[in-house]
1. Could you list, ordered by first residue, the pairs with Cβ atoms under 7 Å in which the first is in region 349-376 and free of Cβ contacts under 8 Å to residues at least 40 places away in the same chain and under 26 Å from Thr206 (Cβ atoms) and the second is among the aromatic types (Phe, Trp, Tyr) and assigned to a strand (DSSP E or B), at least 6 apart or interchain?
2. Tally the residues that are buried (at least 17 other Cβ atoms within 10 Å of the Cβ) and either of a type in the set (Val, Ile, Thr) or in contact with a strand residue (DSSP E or B) (Cβ under 6 Å, 6 or more places away or on another chain) (or both), restricting the search to region 209-227.
3. Suppose we keep only residues that are part of a loop (DSSP other than H, G, I, E, B), at pLDDT 95 or above and in contact with a Ser or Thr (Cβ under 9 Å, 6 or more places away or on another chain) within region 327-361. Which one would you say is nearest to Thr235 (Cα to Cα)?
4. Check region 104-122 and report whether any residue there is outside any loop (DSSP other than H, G, I, E, B), touching a residue at least 12 places away in the same chain (Cβ under 8 Å), touching a Lys or Arg at 6+ places or on another chain (Cβ under 7 Å) and under 24 Å from Leu197 (Cα atoms).
5. Restrict the check to region 376-398 and report whether at least one residue is modelled with pLDDT of 95 or more, over 30 Å from Ala131 (Cα atoms), of a type in the set (Val, Ile, Thr) and touching a helix residue (DSSP H, G or I) at 6+ places or on another chain (Cβ under 7 Å).
6. Exactly one of these conditions fails for Leu380: (1) out of contact with any strand residue (DSSP E or B) (no Cβ under 6 Å at 6 or more places or on another chain); (2) touching a residue at least 60 places away in the same chain (Cβ under 8 Å). Give me its number.
7. Which of the residues spanning region 193-249 are assigned to a strand (DSSP E or B) and modelled with pLDDT of 95 or more?
8. Among the listed residues Glu307, Glu317, Glu358, Glu312, identify the single one that is crowded, with 21+ Cβ neighbours inside 10 Å and farther than 30 Å from Gly249 by Cα.
Amino acid sequence: MKTYMKTLAVVIAVVGFTGCQPNNYDDRTDGIISEKTLTSFINDWKANRPEGATGRLVIFQAGATSNGKFLKHDDKDVVVYQIPAGGARDPSYMRHDGISNIPGAMIDGMHVDGMINMFGINPKKDYILFAVGEGSKSMREVVRSWWVLAYWGWPKERLAFLDGSVTYDFFHSELLVDTPTPPLKPEEYTHYSMKSLKNVHLEMQTYLSDMMRIASKKDQTGYFIADARGTAEYTGEKPSRFSDDKACGPNKDEKCLMPIQGHIRGAVDFPYTDILIMDDQKEDINNDGKIDQKDASFKFKSPAALEKLYYEKGYREGDKIITYCRTGRKATLIGITAHAILDYPVSMYDGSWAQWGEMAAGHIDANGKEILPAGSHLNLDDSKYTVVTKHIDPEYTQPSDIYDINLSATVSHKIIEEDKAYIFK
């Protein structure tokens, strides 16, 4: 028995698994909060607001509930703004990292300031909560919005995400109303700026040249690379596409795919769905006449269960987590669990597979253009960087013009420098 306990102690010391995480989110007032906490906030914001929040409770609800409702608001201390459910990603918005464009990249400081002023949000006072109206469809987009504000320095104690959906937890609640808070008129827009916070978390983002350096390391000890796309895309069985636009195939009416399929060298298959609860359906809350997975809560697993999951996947104490997916949306769910729940160091490779999978030397795209010349130092169709399981025919390969690839560039820190300059200059 003594030998067993001694061995167990050694194992725990080596991997850093504590087993001390809580089993729910009821005691949290930032990061991920429960419906219990949100209920107390809505019922009496001034009495129950967390320390550091001296302004309003600003709730962004992504879509109405299944019965067309919104969280209660008085439009004075508590406001509830409706945002699109699942339509936030815009691949036409790009930023150049110094090597290539990133479709749907981290938005710049000017756009973040524009967003907060459209809703009159005070970065020094207001508390922001993101909530999903129904199911999981918009969850990735809404978590991405949380990630954007966290990156741009919104104080941790005033930024939260509702665990689960409004439909699941408030379906029979009296805290639902028929309409959200009316949006501000242009003449009512404010003039706040994230510059006032003097903070930007550059460490939360990773770009191409650094990802290449890490992927090519012979010894990747100290890094935990998490591929959040799903097992079929990780293995290449399901090809990763660029977007839902149809510009490829013989008739230019099919979705375009990345020329190389597989995963980044050293990456672990970590589907974002692994962190969610999708089997706790109790009633037909989506009103489709049946009770199935679509009626589940899509809550995050408990902190204790998440800690166990990460260690089962191979994470070890002190590892820097780098997460990616196809477009930087699913990856933010891994990001928020690591950053806001478990307090693990985490960064997101923003280019994800939409950028990585395009960097293939000698490959021809759907427009007949060579993506990268043979011998290019940017070629990722190489076992040094990528576990390639499949190549895509040219007529289905994403056209490379939109990437505006700088063939001579070796460093992708342009966005980092731009964001640093926006806040500190």
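The values are calculated or read from the model by the stated rules, or taken from the named source; none is laboratory data. Quick caveat, the model's predicted, so the values are computed rather than measured. Every residue, glycine as well, gets a Cβ built from its backbone with ideal geometry; the counts of neighbours run over all protein chains shown.
1. Between residues of region 349-376 that are free of Cβ contacts under 8 Å to residues at least 40 places away in the same chain and under 26 Å from Thr206 (Cβ atoms) and residues that are among the aromatic types (Phe, Trp, Tyr) and assigned to a strand (DSSP E or B), the close pairs are Ser352/Tyr324.
2. Qualifying residue count, region 209-227: 7.
3. The selected residue is Gly357.
4. Checked against the condition, which is being outside any loop (DSSP other than H, G, I, E, B), touching a residue at least 12 places away in the same chain (Cβ under 8 Å), touching a Lys or Arg at 6+ places or on another chain (Cβ under 7 Å) and under 24 Å from Leu197 (Cα atoms), region 104-122 yields no hits at all.
5. So far as region 376-398 goes, yes, one or more of its residues are modelled with pLDDT of 95 or more, over 30 Å from Ala131 (Cα atoms), of a type in the set (Val, Ile, Thr) and touching a helix residue (DSSP H, G or I) at 6+ places or on another chain (Cβ under 7 Å).
6. (1)
7. Gln205, Thr206, Tyr223, Phe224, Ile225, Ala226, Asp227, Cys248
8. Glu307
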